[in-house]
1. Among the residues of region 354-366, what is the count of those that are within 19 Å of the chain's Cα centre (by Cα) and surrounded by fewer than 20 Cβ atoms within 10 Å (Cβ to Cβ)?
2. Conditions: (1) touching a strand residue (DSSP E or B) at 6+ places or on another chain (Cβ under 6 Å); (2) over 19 Å from Phe336 (Cα atoms). Ser228 meets all but one. Number of the miss?
3. With the checklist (1) surrounded by fewer than 22 Cβ atoms within 10 Å (Cβ to Cβ); (2) under 21 Å from the mean Cα position of the chain (by Cα); (3) in a helix (DSSP H, G or I) in hand, flag the one item Val181 doesn't pass.
4. In region 39-79, how many residues are surrounded by 15 or more Cβ atoms within 10 Å (Cβ to Cβ), outside any loop (DSSP other than H, G, I, E, B) and either touching a Pro at 6+ places or on another chain (Cβ under 9 Å) or aliphatic (A, V, I, L, M) (or both)?
5. Any chance region 367-382 includes a residue that's assigned to a strand (DSSP E or B), free of Cβ contacts under 8 Å to residues at least 12 places away in the same chain and either crowded, with 16+ Cβ neighbours inside 10 Å or outside the structural domain of Thr138 (by TED's automatic domain parsing) (or both)?
6. What's the number of the condition Val243 fails, among (1) touching a helix residue (DSSP H, G or I) at 6+ places or on another chain (Cβ under 9 Å); (2) more than 14 Å from Ala175 (Cα to Cα)?
7. Residues Tyr164, Tyr190, Tyr222: which one is outside the structural domain of Ala516 (by TED's automatic domain parsing), within 30 Å of Val130 (Cβ to Cβ) and of a type in the set (Ser, Thr, Tyr)?
8. Identify all residues within region 6-20 that are among the polar types (S, T, N, Q) and surrounded by fewer than 17 Cβ atoms within 10 Å (Cβ to Cβ); write none if there are none.
Amino acid sequence: MDYLVTLFDRFASHVDAALDQLVAKGQLLADLDRRNVTVEPPRDPAHGDLATNAAMVLAKPAGTNPRALAELLAAELAAVEGVIGVEIAGPGFLNLRLAPSEWLGELTLIGQTGDDYGRSPLGEGKTVNVEYVSANPTGPMHMGHCRGAVVGDSLANLLAFAGYKVIREYYVNDAGGQVDVLARSVHLRYREALGEAIGEIPEGLYPGDYLIPVGKMLADRYGDSLASAPESEWLVPFREAAVAAMMDMIRDDLALLGIRHDLFASEAAVQAAKKPEAAEAELRARDLVYDGELEAPKGEPDPDWEPVTLPLFRSTAFGDDQDRPIKKSDGSWTYFGADMAYHFQKAQTADRLIDIWGADHAGTVKRIKASVEALTGGSVDFDVKLVQMVRLLRGGEPIKMSKRAGNFVTLADVVKEVGKDVVRFTMLTRKSDAQMDFDFAKVVEASKDNPVFYVQYAHARICSTLRKGKDEEGYMPSADHIALLGADEIGLIREAANFPRIVSAAAKAGEPHRIAFFLADLAAAFHAYWNLGNEQTDKRFILAQQPELSSARLFMAANIGQVIRNGLRVMGVEAATQM
């Protein structure tokens with residue numbers, strides 16, 4: 001699609017053009033690296049509309065004084081149409097004041113662009129693979145999985161909005177010991193379905209009642225033919241059936257959150273296709289895998305420890321603290337060895353890889369990043385986003401959950417209690433690597449302290465105002481008279497106009513929570529403007545006998561609502577039209 005140039009884009013180009021003018025006049029060296037030059041709002045709105053750090057960034061490599069360069073740049077920018085003032089702040093920052101028409105033009109752009117306002121060409125159509133959730137297929141989704149699921153899905157939405165082609169992937173760990181335990185647990189439920197009294201679930205098996213329907217399904221399929229058969233006869237078919245049933249359950253649970261993956265990659269299939277062997281051969285050819293002995297465990301000597309020769313990946317060559325085995329002593333692949341091959345497979349189809357992992361996997365980040373760099377020669381950008389666990393509370397009291405005991409809080413139960421949109425928004429109200437509390441009482445609280453409510457209430461208020469203007473006065477939003485809008489309205493438009501800039505910055509950083517923070521700020525600005533109308537009747541959106549000003553304010557309200565909807569859509573949240 002064609003991307004419309006936003007106000008921040010235009011003034012970034014003006015700054016660039018002003019620097020070109022200084023180069024042409026011999027006042028600035030050519031070919032300076034301008035990548036760190038920014039144009040953004042000043043921290044204090046009283047200082048102006050826009051600020052640029054150009055003089056601060058370029059002065060040292062240009063061999064000049066920041067303030068002297070700022071003075072030259074200020075003279076060029078003062079001549080730009082729409083600039084009504086340029087001030088030098090501190091050692092060389094430049095603050096620009098813009099004519100109101102510039103912000104009113106941006107408001108019109110929001111109206112013209114609609115659902116596409118905020119989209120950017122940042123990704124240039126490159127492919128990014130976002131792998132998220134990837135929970136072991138041993139049971140339903142619980143709240144321990146929820147935050148990573150929301151962060152990953154929202155990040156995928158964000159990257160697509162920023163111009164990337166996105167592959168949403170789920171890695172099914174169906175080749176490890178945990179799925180054999182699952183098969184044995186299901187065999188027990190199968191025997192139970194045949195009428196056998198199984199008593200208490202043995203330690204080490206999965207006790208959850210969610211396996212009862214799987215046992216009944218297998219009883220219908222096999223009758224009693226495998227009830228007394230040796231494990232070697234039923235382990236593989238029971239494992240495959242159980243994993244398939246668990247993945248159906250997981251897909252259903254994720255759908256409650258509005259999450260649907262494009263691709264489900266199987267660990268068993270990766271190994272069956274000999275991908276680990278291919279990765280090992282690739283690395284051995286470059287002397288990045290060798291046969292060597294592991295270091296002895298640190299701490300107290302283990303009398304049972306014996307040195308063993310294993311194939312080791314030279315992860316120390318990429319910043320890791322020790323080389324890592326890719327196979328076990330019995331010849332099977334280590335988790336790292338299989339994971340390395342899986343990432344090599346992903347790297348064949350994407351320009352960028354992003355994994356969403358629980359914070360408990362932090363210790364393995366360095367080695368897997370090292371392996372991807374080694375296997376791709378650094379040609380594929382790879383990042384791991386760590387997500388902290390969520391502590392569940394009810395009225396301030398912690399809720400205990402134990403997956404092993406089978407009494408964990410399921411994602412489905414939470415969504416059914418508070419709703420998909422509340423869950424998704426709440427999971428993005430903090431940075432993903434920060435601890436989070438999810439209190440069932442607070443997340444549905446109708447208070448300005450609850451950002452979920454406050455943002456949704458702003459949008460619902462806008463919808464209500466538009467309905468009231470039409471039904472009571474016959475007023476419709478119109479851009480025809482937006483020149484009547486004043487400083488208070490311009491302040492609100494300035495907040496909304498930050499959205500495209502926030503989208504690009506959030507996509508670059510891989511941080512979808514920035515959208516939630518932006519929406520909270522925009523909602524606060526809207527509510528503050530609304531409250532002006534409670535104090536000063538001439539500040540209300542709908543004014544009897546003033547159709548031109550009313551239609552202009554309704555146009556502004558409609559487009560503030562548009563920006564809120566666009567941000568919520570990135571988060572995977574539906575905008576409320578009434579509350």
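The values are calculated or read from the model by the stated rules, or taken from the named source; none is laboratory data. Owing to the predicted nature of the structure, the values given are computational and were not obtained by experimental measurement. Cβ: placed from backbone, ideal geometry, glycine included. Neighbour counts: every protein chain shown.
1. As a first pass, look at region 354-366 and keep what is within 19 Å of the chain's Cα centre (by Cα): 354-362, 365.
So of that shortlist, the ones also surrounded by fewer than 20 Cβ atoms within 10 Å (Cβ to Cβ) come out as 357-362, 365.
Looking only at that region, the number is 7.
2. (1)
3. (2)
4. Selection size over region 39-79: 18.
5. Here is the first cut: in region 367-382, the ones assigned to a strand (DSSP E or B) are 381-382.
Narrowing the set further to residues that are free of Cβ contacts under 8 Å to residues at least 12 places away in the same chain leaves none.
Among the residues of region 367-382, not one is assigned to a strand (DSSP E or B), free of Cβ contacts under 8 Å to residues at least 12 places away in the same chain and either crowded, with 16+ Cβ neighbours inside 10 Å or outside the structural domain of Thr138 (by TED's automatic domain parsing) (or both), which makes the answer no.
6. Val243 satisfies all of (1) touching a helix residue (DSSP H, G or I) at 6+ places or on another chain (Cβ under 9 Å); (2) more than 14 Å from Ala175 (Cα to Cα) except (2).
7. Testing whether each residue is outside the structural domain of Ala516 (by TED's automatic domain parsing), within 30 Å of Val130 (Cβ to Cβ) and of a type in the set (Ser, Thr, Tyr) leaves just Tyr164.
8. Taking region 6-20 as the starting set, the residues that turn out to be among the polar types (S, T, N, Q) are 6, 13.
Result: Ser13, single match.
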